[in-house]
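*Asks:* Below are the structure tokens for one structure; questions will follow.
The values are calculated or read from the model by the stated rules, or taken from the named source; none is laboratory data. Computed from a prediction, not measured in an experiment: that's the story for all the values here. Counting neighbours? That spans all protein chains shown, and the Cβs are built from the backbone with ideal geometry, glycine included. In case anyone asks, the SASA skips ligands and DNA or RNA and just uses the protein heavy atoms, side chains included. Shrake-Rupley method; radii C 1.70, N 1.55, O 1.52, S 1.80 Å.
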Amino acid sequence: MILDGDQFGERFTNYQWSAWRFECQPTYSIPREQDNLDRWRSAAPVPEGHNAAWHDRVRSFVSAGKTIGRVRTVRQPLTEYQRYQLDWAVPGNIEAGEDIRILDLTSLDLDLPSHDFWIFDELLVVDLNFNPDGTLLRTRT
């Protein structure tokens, strides 16, 4: 089943104990991130309240006794987007309570999926399908 944005959002609202993401795209093209990506490129400091809505959600999940986490795969050299994520997104997400792990695949040959996905409550998998340029194509259960 292909999910629209609201249906995908409901997966976060309705999960009971765990949400976990496998994140493997070398870059993501997310329109709402472009201003911050430009600020990062210019070596500006992280703006006050950066990613605050996500941090609030993560805190609410954790305070409700739920876990949320991800594994972010990378290969050296890191892409510009990965450097931006590691500088600006990952630290705040961890501080909010998200369990983030980085898996460097540079010298590893593992049989891993080539697409992102979320697993909710160890039962429901939602595939995230991206175009080669990093734009989200669709989500699917």
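*Asks:* Please list ASP109, ASP99 from largest to smallest accessible area, probe radius 1.4 Å, with all protein chains kept in place.
*Replies:* ASP109, ASP99
*Asks:* Right, something else. Before I look further, what does the chain give for accessible area per residue, probe 1.4 Å, in whole square angstrom?
*Replies:* 59 Å²
*Asks:* Under unit Cβ charges (Lys, Arg +1; Asp, Glu -1), what dipole magnitude, rounded to 20 debye, does the chain have relative to its Cα centre? It would help to have the intermediate numbers written out before the result.
*Replies:* Working: 15 positive and 22 negative charges, 17 e Å.
Using Cβ point charges on Lys, Arg, Asp and Glu, the chain gives about 80 debye.
*Asks:* While we're looking at this one, here's another question. Going 7 Å from the Cα of LEU78 in the Cα-to-Cβ direction, what parts of the range 21-45 have a backbone nitrogen less than 18 Å from that spot?
*Replies:* Output list for this probe position: 23-30, 34, 36-45.
*Asks:* In whole Hz, with x marking every Gly and Pro, tabulate ³J(HN,Hα) for the range 93-105 from phi via Karplus 6.51 cos²θ - 1.76 cosθ + 1.60, θ = phi - 60°.
*Replies:* Going residue by residue, I get 5, 5, 4, 6, x, 7, 8, 10, 10, 10, 10, 7, 9 Hz, with x marking Gly and Pro.
*Asks:* Continuing with the same structure: Within the accessible area of the chain, what % is carbon and sulfur when the probe is 1.4 Å and the other protein chains stay in place?
*Replies:* 52 percent
*Asks:* Per the Kirkwood treatment, what hydrodynamic radius in Å, one decimal, follows for the range 18-91 from the mean inverse distance over all distinct Cα pairs? Please list the in-between numbers first.
*Replies:* Details: mean 1/r = 0.0728 Å⁻¹.
That comes to 13.7 Å for the range 18-91.
*Asks:* Same structure again: For the range 9-76 and the range 88-141, compute the distance between their C-alpha centroids and round to whole Å.
*Replies:* Cα centres, the range 9-76 to the range 88-141: 10 Å.
*Asks:* Further question on the same structure: Between VAL71 and ARG59, how many nm apart are label points set 7 Å from Cα along the C-beta direction?
*Replies:* According to this spin-label approximation, the distance is 3.0 nm.
*Asks:* Where does the chain land at 222 nm, in deg cm²/dmol rounded to the nearest 500, when only DSSP H runs of n ≥ 4 count, each adding -39500 (n - 2.57), divided by all residues?
*Replies:* The per-residue figure over the chain is -8000 deg cm²/dmol.
*Asks:* Could you pull out every residue, at least 5 positions away or on a different chain, whose amide H is within less than 5 Å of the one on ARG70? Hs are placed 1.01 Å off N in the peptide plane, and Pro or chain starts have none.
*Replies:* It is ARG21, ASP99, ILE100, ARG101, by chain and number.
*Asks:* Here is a follow-up. How many nm is it between the label spots at THR13 and ASN131, if each spot is 7 Å from the Cα in line with the beta carbon?
*Replies:* 2.9 nm
*Asks:* According to the square roots a ≥ b ≥ c of the eigenvalues of the Cα gyration tensor, what is the shape class of the chain, taking rounded for a/c under 1.5, prolate for a/b larger than b/c otherwise, and oblate for the remainder?
*Replies:* Rounded, since a/c falls under 1.5.
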